Amino acid sequence: MTKDECFQLGKITKTHGVQGELVFFLDVDMPEIYSEMDSVLIEIKGDLVPHFIESIVVNRNRAIVALDGVDTIEDAQKLVNCDLYLPLENLEELPEGQFYYHEIIGFQVRDEKLGDLGTVRTVYNLNAQDLVSMDYQGREILIPINDDITPSADKENRVLNVRLPEGLVDVYMTDPSGLLSKSDVEDLGTGDSDED
């Protein structure tokens, strides 16, 4: 199985205890749905190697995991910093218009008033607010993800439909540094702006 047939689930961040358990960072929208997975692909030296899961306890976006055949801290240490993958076929089908974050990378961002703006560079998973990073006229613009601002994605045409708060793009274009803080943008997405 190749990476093209998979999505990145997260990363192994450290060992846990002395029995070979590992801590997974789950870089996904809904980590809790992975609490019953029975196997995972671990990227080791460029190859995706399947590993069976003996036990997994998910707490928010972290999981403590025991893997079959990884029984010592020395075995576990060899896997720290390895990326985790699952086959794309493991993803649940979402209702039309909804999207997984990894699916929208490279999508055209289309605002209902401003039209086509730029392309999705990445998605930041933050505690208070997840943010789409868009390339626009040589600057990074951060867009809060919620039902009002990012209502849908057209996967067939690779378009992320947005309703940007009034003035969001202007703020980035007039800010001399071109860098609003993520907390400034989080405020836009959590109701602290006039445009909610």
When the range 1-46 is checked residue by residue, the ones that are of a type in the set (A, V, I, L, M), more than 13 Å from Leu86 (Cβ to Cβ) and surrounded by 13 or more Cβ atoms within 10 Å (Cβ to Cβ) are Ile12, Leu22, Val23, Ile44
Of everything in the range 136-146, what is in a loop (DSSP other than H, G, I, E, B) and within 17 Å of the chain's Cα centre (by Cα)? Give them in sequence order. Ile145, Asn146
Considering each of Arg110, Arg121 in turn, give the residue that is out of contact with any Gly (no Cβ under 8 Å at 6 or more places or on another chain), modelled with pLDDT of 95 or more, part of a strand (DSSP E or B) and outside the structural domain of Pro50 (by TED's automatic domain parsing). Arg110
What are the pairs with Cβ atoms under 6 angstrom where one residue, in the range 1-19, is closer than 22 Å to Ala66 by Cβ and the other, located anywhere, is assigned to a helix (DSSP H, G or I) and small (Gly, Ala, Ser)? Sequence gap at least six, or different chains. Thr15/Ala76
Go through the range 159-196 and report how many residues are basic (Lys, Arg) and modelled with pLDDT of 80 or more. 1
Count, please, the residues in the range 79-97 that happen to be surrounded by 12 or more Cβ atoms within 10 Å (Cβ to Cβ) and either part of a loop (DSSP other than H, G, I, E, B) or acidic (Asp, Glu) (or both). 6
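How do the strands (runs of 3 or more DSSP E) wholly within the range 1-52 filter down when requiring 1 or more residues that are in contact with a Ser or Thr (Cβ under 7 Å, 6 or more places away or on another chain): which remain? Walk me through how you get there before you give the answer.
On the way: elements: 6-16, 21-26, 39-44.
Fully inside the range 1-52 and qualifying: 21-26.
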Return a yes/no flag: does the range 79-97 have any residue that is small (Gly, Ala, Ser) and farther than 30 Å from Pro151 by Cα. no
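Only one of Ala128, Ala153 is surrounded by fewer than 19 Cβ atoms within 10 Å (Cβ to Cβ) and either under 20 Å from Tyr101 (Cβ atoms) or touching a Ser or Thr at 6+ places or on another chain (Cβ under 7 Å) (or both). Can you tell me which? Break it down stepwise before answering.
Numbers: Ala153 fails: surrounded by fewer than 19 Cβ atoms within 10 Å (Cβ to Cβ).
Only one candidate qualifies: Ala128.
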Residue check, Glu156 modelled with pLDDT of 85 or more and either part of a strand (DSSP E or B) or of a type in the set (D, E, K, R) (or both): yes
Test of understanding: among Asp111, Asp135, Asp147, which residue is under 19 Å from Asn157 (Cα atoms) and free of Cβ contacts under 8 Å to residues at least 40 places away in the same chain? Asp135
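The values are calculated or read from the model by the stated rules, or taken from the named source; none is laboratory data. It should be emphasised that the depicted structure is a prediction, and the values quoted were computed from it without experimental measurement. So basically every Cβ, Gly included, is an ideal-geometry build from the backbone, and we count neighbours across all protein chains shown.
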